[in-house]
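Participant: Just dropping this structure here.
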Amino acid sequence: MSSSSSSPELQKPSLLTRAVSLVRGMVVSVTLENPLLWNYLNGHHPQADVEGPFYLMGAPWRTRNLATDDELKQGEPLLLKFKVINRSTHTPIPSAILDIWQDNHAQHYAFNSYNLRGKFRCNERGECEVLTIRPSSYGFMHSDAASTFERWTGGYISWLAGKVFGYPIGSQRPAHVHLKAGAEGYRGLTTQLYDVREGQKQIVESDFMNWIRRHREGFNLKLTKAKGTEGGDKKPQWVSQLLVIELDPKESGAAGVKAE
């Protein structure tokens, strides 16, 4: 695959696209991702994960870069390496599509633009590389206000919120990248890739998505430092292991992702 890269063109979603995405997200949250229903509806996919509330429809096609030059300078460049295969035959799926989105170095998801959002088409070998930045964890688990509130309520409100809404008050999400994978004739897969940094085990254990499903430890990114890239503006500073995405034909069963 080519090692060349170029900063993606900045594009903005229409007001209608944002409105439809918001409504769609609300419907998904109370149906497919309802804590009481998720295991029943999605649990048969052994490595499926939740979509979350920040999906924005209509993301533009990218060639290799998900992050802009400015984002690569502000964050830690990360090269994600994918291969999409048939789960039954383990053969590559040509022209598979990856729809990827994530937060930036400041823990923000873009809604007024398609920054750090994009679709990628794999080559004839089912391979794809995506240049982005390392995601950030977010939440307010360690905030003074959250800690005080927890002491005043004896933890009961946190427990109740977890049971009713699917997340405990005062929690964080570990750093992650969202991904949808699909191909003609195959079942789509929604998952997340986790960038669990040193000392963040507590964040993983308190991830509020654990109220919906168990944490997917198989999706943890294993990063290595790229050689000779320190100080480069657009070259990857970190490189992931090969992430093998397995899709099932529509007539078969579950789909999943595994890391080599």
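Participant: Given Glu198, Glu150, which one is at pLDDT 55 or above and open to solvent by 30 Å² or more (accessible area, probe 1.4 Å)? Outline the logic, then answer.
Facilitator: Working: Glu150 fails: at pLDDT 55 or above.
The match here is Glu198.
Participant: Also: So if I check each of Glu184, Glu251, which one is farther than 27 Å from Pro77 by Cβ, assigned to a loop (DSSP other than H, G, I, E, B), open to solvent by 10 Å² or more (accessible area, probe 1.4 Å) and modelled with pLDDT of 85 or more?
Facilitator: After ruling out the rest, the residue left standing is Glu184.
Participant: Checking Ser95 against (1) in a loop (DSSP other than H, G, I, E, B); (2) closer than 24 Å to Tyr138 by Cβ, which test does it fail?
Facilitator: Against the list (1) in a loop (DSSP other than H, G, I, E, B); (2) closer than 24 Å to Tyr138 by Cβ, Ser95 comes up short only on (2).
Participant: Yes or no: Phe208 crowded, with 19+ Cβ neighbours inside 10 Å, of a type outside the set (Val, Ile, Thr) and at pLDDT below 75? Walk me through how you get there before you give the answer.
Facilitator: Numbers: crowded, with 19+ Cβ neighbours inside 10 Å: yes; of a type outside the set (Val, Ile, Thr): yes; at pLDDT below 75: yes.
The answer is yes for Phe208.
Participant: Could you please find all residues in region 109-130 being assigned to a loop (DSSP other than H, G, I, E, B) and surrounded by fewer than 21 Cβ atoms within 10 Å (Cβ to Cβ)?
Facilitator: The answer is Tyr109, Ala110, Phe111, Asn112, Ser113, Asn123, Glu124, Arg125.
Participant: Please enumerate the residues belonging to region 1-31 that are open to solvent by less than 90 Å² (accessible area, probe 1.4 Å), modelled with pLDDT of 85 or more and in a loop (DSSP other than H, G, I, E, B).
Facilitator: Those that are open to solvent by less than 90 Å² (accessible area, probe 1.4 Å), modelled with pLDDT of 85 or more and in a loop (DSSP other than H, G, I, E, B): Gln11, Pro13, Ser14, Thr31.
Participant: Scan region 94-108 and give yes if some residue there is more than 23 Å from Ser7 (Cβ to Cβ), of a type in the set (Ser, Thr, Tyr) and surrounded by 15 or more Cβ atoms within 10 Å (Cβ to Cβ), otherwise no.
Facilitator: Taking every residue of region 94-108 in turn, none turns out to be more than 23 Å from Ser7 (Cβ to Cβ), of a type in the set (Ser, Thr, Tyr) and surrounded by 15 or more Cβ atoms within 10 Å (Cβ to Cβ).
Table: residues versus (1) open to solvent by 10 Å² or more (accessible area, probe 1.4 Å); (2) in contact (Cβ under 8 Å) with a residue 24 or more places away in the chain; (3) over 28 Å from Arg134 (Cβ atoms).
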{"site": "Trp38", "(1), (2), (3)": "no, yes, no"}
{"site": "Leu66", "(1), (2), (3)": "no, yes, no"}
{"site": "Gly75", "(1), (2), (3)": "yes, yes, no"}
{"site": "Lys83", "(1), (2), (3)": "yes, yes, no"}
{"site": "Thr89", "(1), (2), (3)": "yes, no, yes"}
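Participant: Something else about it: Quick test of your reading of the structure: Thr132 fulfils all but one of (1) among the β-branched types (Val, Ile, Thr); (2) touching a strand residue (DSSP E or B) at 6+ places or on another chain (Cβ under 9 Å); (3) at pLDDT below 95. Name the failing condition by number.
Facilitator: (3)
Participant: Another one. Could you list all residues from region 40-60 that are within 12 Å of Leu116 (Cα to Cα) and open to solvent by 70 Å² or more (accessible area, probe 1.4 Å)?
Facilitator: none
The values are calculated or read from the model by the stated rules, or taken from the named source; none is laboratory data. This is a predicted model, so every value here is computed, not measured. When we count neighbours, we look across all protein chains shown, and the Cβ atoms used for this are built from the backbone with ideal geometry, even at glycine. For the accessible areas, the whole protein counts, side chains as well, though only heavy atoms, and no ligand, DNA or RNA atoms are used. Shrake-Rupley method; radii C 1.70, N 1.55, O 1.52, S 1.80 Å.
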